[in-house]
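Coordinate-derived values only; no laboratory data. Everything numeric here is computed off the predicted structure, so don't read it as measured data. Every residue, glycine as well, gets a Cβ built from its backbone with ideal geometry; the counts of neighbours run over all protein chains shown.
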Amino acid sequence: MGGNSPCASCKLLRRRCTKDCIFAPYFPSDDPHRFAIVHKVFGASNVSKMLQELPVHQRVDAVNSLVYEANARVRDPVYGCVGAISYLQNQVAQLQMQLAVAQAEILCIQVQQEPVIMPTSSQLAATIDGTDEKSAFLLHNNLPAQYLNFASSSNVTHESLKRESFFGHDMVS
Amino acid sequence: MSNPISSRCAACKYLRRRCPQDCIFSPYFPSNDPQRFAYVHRIYGASNVGKLLQQLPERARSEATESLYYEALCRIQDPVYGCAGIVSWLQQQIHDVESEIAKTQAEITVFLNSTVNISEPNTQYSRTNEQGMENLTNKHKEPLQ
């Protein structure tokens with residue numbers, strides 16, 4: 001894209017928008033805020049380098065995730081996206097406990113209805129032991145678990161984190 | 001007045017400059033961990049990090065630096081999705097566990113209803129009998145939402 005309509009990046013950077021502008025496909029001129037926020041947090045030069053290192057078919061998702069992280073950082077300058085991760089991890093842990101309680105309740109009801117059949121210790125263990133997939137995921141990806149205890153700044157709205165999506169479709173239906 | 005060459009912070013070493021006494025980076029990027037600043041600089045740039053830290057109260061800068069480092073690390077390990085990929089994965093986890101909870105609670109309701117239906121209609125356990133509701137034992141629970 002170029003010619004008569006510079007992309008949002010080239011408008012902000014006050015330069016000519018060439019035909020092979022790396023930003024143009026991802027930062028259209030009708031959404032100047034999108035590039036402004038990414039430039040504020042990461043810098044145009046860093047974004048350009050990141051995009052150049054990626055194959056073309058992955059750049060849309062990369063830009064969307066950068067926009068998401070930049071927005072998170074502007075909303076919460078201390079913790080950024082990490083605050084969201086910490087909050088969501090707590091949510092997952094609480095929900096897994098609720099699930100374990102509900103599953104144990106079903107077992108109790110089943111035991112009451114069929115008192116002869118006693119649950120095996122492995123069955124009880126299976127309902128109570130929540131698989132800690134989060135830790136497995138983080139350790140698998142060599143991400144330091146110590147950063148999981150971040151709080152969030154007070155002005156972050158947490159409920160929206162459960163549903164907010166940056167890929168143009170609902171991750172959570 | 002600047003720090004001696006030997007005690008420059010990791011940022012000033014990386015940027016090959018003098019490290020002033022009031023260097024904004026030096027409390028958070030000690031010289032014994034050069035990779036930390038290298039990662040943060042690679043993703044955010046020293047200038048942006050400096051501006052961000054300057055805009056924060058001093059008591060918040062350590063945590064801010066930690067989170068910047070974590071996000072930089074995530075982005076280097078996953079150049080397409082970075083930290084946002086983890087957020088997305090957690091959102092999916094929440095959705096899956098909530099669905100599982102709803103399914104389990106529905107099963108509990110079915111079990112409880114089947115227990116009540118087995119009872120004789122004129123007993124104190126009848127759900128249609130308001131008086132009977134007051135006589136229920138402690139083990140009976142309201143249907144879960």
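For segment B:42-65, state whether one or more residues are touching a Cys at 6+ places or on another chain (Cβ under 9 Å), facing chain A (nearest Cβ under 9 Å), more than 13 Å from residue A:42 (Cα to Cα) and part of a helix (DSSP H, G or I). Checked segment B:42-65: no residue is touching a Cys at 6+ places or on another chain (Cβ under 9 Å), facing chain A (nearest Cβ under 9 Å), more than 13 Å from residue A:42 (Cα to Cα) and part of a helix (DSSP H, G or I). Listed conditions (1) touching a residue at least 12 places away in the same chain (Cβ under 8 Å); (2) over 20 Å from residue A:65 (Cβ atoms) are all met by residue B:52, apart from (2). If you go through segment B:72-93 and keep only what is at the interface with chain A (Cβ under 7 Å from one of its Cβ atoms) and in a loop (DSSP other than H, G, I, E, B), you end up with B:79, B:80, B:81. Just to be sure, is residue B:35 part of a helix (DSSP H, G or I) and facing chain A (nearest Cβ under 10 Å)? For residue B:35, the condition - part of a helix (DSSP H, G or I) and facing chain A (nearest Cβ under 10 Å) - is not met.
Total residues in segment A:31-83 satisfying the condition of being more than 17 Å from the chain's Cα centre (by Cα) and small (Gly, Ala, Ser): the figure is 5. Of all residue pairs spaced 6 or more apart or on separate chains, none has beta-carbon atoms under 8 Å together with a first member in segment B:80-96 that is touching a residue at least 24 places away in the same chain (Cβ under 8 Å) and a second member that is surrounded by fewer than 18 Cβ atoms within 10 Å (Cβ to Cβ) and part of a helix (DSSP H, G or I).
Restricted to segment A:33-56, and to residues there that are within 8 Å of chain B (Cβ to nearest Cβ) and crowded, with 17+ Cβ neighbours inside 10 Å, the residue that is nearest to residue B:52 (Cα to Cα) is A:41.
Being farther than 15 Å from residue A:50 by Cβ, more than 9 Å from every other protein chain (Cβ to nearest Cβ) and of a type in the set (A, V, I, L, M) is the requirement here; does residue B:68 meet it? No: the conditions fail for residue B:68.
When residue A:88 is tested against the conditions (1) more than 9 Å from chain B (Cβ to nearest Cβ); (2) aliphatic (A, V, I, L, M); (3) in contact (Cβ under 8 Å) with a residue 60 or more places away in the chain, the lone failure is (1).
Does residue B:27 satisfy the criteria of being touching a residue at least 24 places away in the same chain (Cβ under 8 Å), in contact with a Lys or Arg (Cβ under 9 Å, 6 or more places away or on another chain) and more than 27 Å from residue A:52 (Cβ to Cβ)? Answer is yes for this residue. Surrounded by fewer than 16 Cβ atoms within 10 Å (Cβ to Cβ) and more than 19 Å from residue A:37 (Cβ to Cβ): is that true of residue B:92 in this structure? Here the answer is yes, as residue B:92 does meet what is asked.
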